[in-house]
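Written out below as structure tokens is the structure these notes cover.
Each reported figure results from applying straightforward, stated rules to the coordinates on display, with no laboratory input. All values derive from a computational prediction rather than experimental measurement. Quick reminder, even Gly has a Cβ in these numbers, built from the backbone with ideal geometry, and neighbours come from all protein chains shown.
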Amino acid sequence: MFNLDKLEFNNIRENLANYTKTYEGKKLALNLMPSSKSMAIKSNLNETDECLKVMNIKGELPISEINDVNFLIKSLKSNISLTSKGLLEICNILRISRELTDYFSDLEIDIPNLSDYYSMIYINKDVEKRISSCIISEDMIADNASTKLYSIRNTKKSLEVDIKNKLNQIVHANSKYIMDSVITIRAGRYVIPVKEEYRSYIKGFIHDTSSSGSTVYIEPMAVFEINNKINNLIIEETKEIERIMSELSNLLFPIVYYIEKDIEIIAKLDFINAKAKLAIEMDANMPIISNEINLIKARHPLIPKNKVVPIDIYVGKDFSTLVITGPNTGGKTVSLKTVGLLCIMAQSGLFIPANENSKTKIFENIFADIGDEQSIEQSLSTFSSHITNIISIVNMLNSNSLVLVDELGSGTDPLEGANLALALLEYFHNQGAITIATTHYHEIKNYCITHDGFENASCEFDVEKLEPTYHLLIGIPGKSNAFAISKRLGLNQSILDRANSLMNKPDTDVETLMKEIYDDRISIENLKKEEEKNLNQVTLLRKSLEKQVSDRLAREEEKVEKAKKEAREILQDAKDEANRVIRELSGLGSKDLKKANSLRNKLNEDLKETESSNGLDLSVLLKLNNQETNKPSGKSNVHIENTASKNISSEINLIGENVDTAIMALDKYLDNCAMAHLKQVRVIHGKGTGKLREGIHNYLKKSKYVSSYRIAGFGEGDYGVTIVELK
């Protein structure tokens, strides 16, 4: 049982229906009802969600207007031919079916709920094309709808040209008798307008007279036979059109049940499309189906966006009864309606105007005793009206119910009303229902403070501005603020003091204490949010630094691999050179040959050591360099030095390298420069932060190859280059 009228769900259904385009889709919207079945509710919500996803990719579904075609379907089922208008209506359904199939055909996202519908759509391009090619509009059939129709219309056009020519000749020859030289049609025959006083001068049949009687419309005898032929052709044309309509209808007779099913599917997709568009219009989100109500920034969907105040409200987890207190016009009633309406919307498969992660519970009953109606009778009648509603709620209540009661226990003696309200709240609670009620009674506020399962809430009021803020504060009972408002409005202070002295102090002290506790909690929560924000920023910064370090390590590893490859190539080149030298020394004495073979064997060992190394071992290269300096004197030594001097560059570019890698490369480079007897070289390190330049200079101070160095002058590279003089 759902109190749809009290919660204004009819207005939601009407808004939903405004987004539909088909007659049957509109019926689905206007007859929408909430479900209490979990599977059905989740499926309906998922339909809306899937439609929104599809619309984000491909735009709105290609559904155009479809009128009520039930009469046409019944006619086809009875093998009764349709008119051109009816045929166009059915053709429109076939066209929409085809366009929907094309629309969904190339989607790459998973939409299981929608696919259950569009996968069953029937299309018939041949029938659709045949009807659309024959019928241009409900009043116009295409000439090429049939060969016979084309022939009839061609002959008719030719005769019409002939008759107009003859009538123009008659008009021209008898111009003084003619009222107006315009050929017209009367009773389906071509005639000319003749002045009444000259009617006897034109031989023929009078078909009509003007309203003033001054003109008669005569069909001259000369065109009588042509008019007869044209009329006969018109009769033949009508019969042929009827035959074409019958032929086209015959195409639809065998597929009428498929078309009927298409209408149902299109209506359902139209309805789902409307749900998605309503969600967009309301800035709504899909609720989470849960065992509690937890609405975040919930907005009443029927209040204009520029006026509605979002509320946070939760019930059903730590407590099942929420009592909202506070002054009138503070938003208590709107809060009740918002909760009830959003729960009904969720159970109807509609997204709700609340933030993501808002939760709603599935209820079998949603009861609402909400009303601003004022009885013209006495308070007893008002009380009786409320109690009548309460009795019906009590009689139908079960554990899976949501009870919304406005001004519980009002309209009677305050003491009796308060106790009756407490008894009802206890009963609802003991039955397992979730209850949200509004009241003014202190007794109920105090009861909620001392009993588990009950919680206070209030609607905030700005005493300075004398207006409600409409914000809901859960955990704090509301105050009427009567004294504060009266004081702001200028009531005598002595009266206020006396009224205050008559108050039950413990009650007022409790309310003040609860408000202070609530304010402290809000402050703590704000601090907590700020700390969480800072922690998130630190986490993001840490992840960013970790990524930078990871990227840097990856680049260093790549450089190491590159250096290892270069080292292997250098050793291989040295080995090849040593073998060549050995071949040249083969003619020398045995002592020299023994040294050469020893050098080749050592190079082989160094090459194997480098290939098996996990990192670049500079000592291997240094061994090679030392051995190269101890090579046998003579022909081979001269040849190697000539080769080095031929290939070595007079500058080295170290930009982008880190200090360690740069120094390794520079050491090797200067070693080669010394072998090539170069006297001056340029070390390009760039300006940057200066860290690389500083590291290079520290190395140059200690290098055995360097005589002196200096920063390059203007035109030589400035601070980005160091000029090195070699020993």
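Full-extension gain between D413 and R243, please, as 0.36 nm times their residue separation minus the C-alpha to C-alpha distance.
Fully extending the segment from D413 to R243 adds 53.0 nm.
Within 10 Å, count the other beta carbons around each residue, average over each peptide in 270-277, 661-668, and list them highest first. Don't skip to the end; give the middle numbers.
Working: 270-277: 24.4, 661-668: 18.6.
Top to bottom by mean Cβ count within 10 Å: 270-277, 661-668.
Within the set K125/K156; K305/K445; K85/K125; K26/K359; K156/K176, which residue pairs have Cα atoms separated by over 23 Å?
From K125/K156; K305/K445; K85/K125; K26/K359; K156/K176, over 23 Å: K125/K156; K305/K445; K26/K359; K156/K176.
In what order do L692, L527, L350, L491 fall by count of nearby beta-carbon atoms within 10 Å, going from fewest to most?
Lowest to highest Cβ neighbour count: L527, L491, L692, L350.
Please give, to one decimal in nm, the separation of the simple spin-label points placed at E532 and N228, each 7 Å out from Cα toward the Cβ.
9.7
Hey, with R₀ at 22 Å, roughly what FRET efficiency would T661 and L541 work out to, going by the Cβ-Cβ distance, to 0.05?
0.20
Starting from the Cα-Cα distance between S132 and S550, subtract it from 0.36 nm times their residue separation and give me the gain in nm to one decimal. Walk me through the intermediate numbers first.
Values: separation 418, 0.36 × 418 = 150.48 nm, distance 6.52 nm.
Value of the extension gain: 144.0 nm.
With 10 angstrom as the radius, rank I444, I259, I648 by how many other C-beta atoms surround their C-beta, starting from the fewest.
Going from least to most buried by this count: I648, I259, I444.
Of the listed pairs K74/K277; K275/K297; K317/K337, which have alpha-carbon separations greater than 29 Å here?
Those over the limit are K74/K277.
Give me I202, I344 ranked fewest to most by other Cβ atoms within 10 Å of their Cβ, as a rough exposure proxy.
So the residues, fewest neighbours to most, are I202, I344.
Take the alpha carbon gyration tensor of the stretch 195-336, find the square roots of its eigenvalues, order them as a ≥ b ≥ c, and report rounded if a/c is under 1.5; if not, report prolate when a/b exceeds b/c, else oblate.
Cα axes put the stretch 195-336 in the oblate bin.
Can you bin the stretch 145-240 into rounded, prolate or oblate? Criterion: square roots of the alpha carbon gyration tensor eigenvalues sorted a ≥ b ≥ c, rounded for a/c under 1.5, prolate for a/b above b/c, oblate for the rest.
Prolate, since a/c reaches 1.5 and a/b exceeds b/c.
Suppose the chain between Y719 and T469 were pulled fully straight at 0.36 nm per residue; how much longer would it get relative to their current alpha carbon spacing? List each step's numbers first, then the result.
On the way: separation 250, 0.36 × 250 = 90.00 nm, distance 6.63 nm.
Stretched out fully, the Y719 to T469 stretch lengthens by 83.4 nm.
Can you give the FRET efficiency for E197 and A142, using 1/(1 + (r/R0)^6), R0 = 60 Å, r = Cβ-Cβ distance, to the nearest 0.05?
0.80
Mind running the shape call on the stretch 37-183? Use the C-alpha gyration tensor, a ≥ b ≥ c as the square roots of the eigenvalues: rounded below 1.5 for a/c, prolate if a/b tops b/c, oblate otherwise.
It is prolate, given that a/c is not under 1.5 and a/b is the larger ratio.
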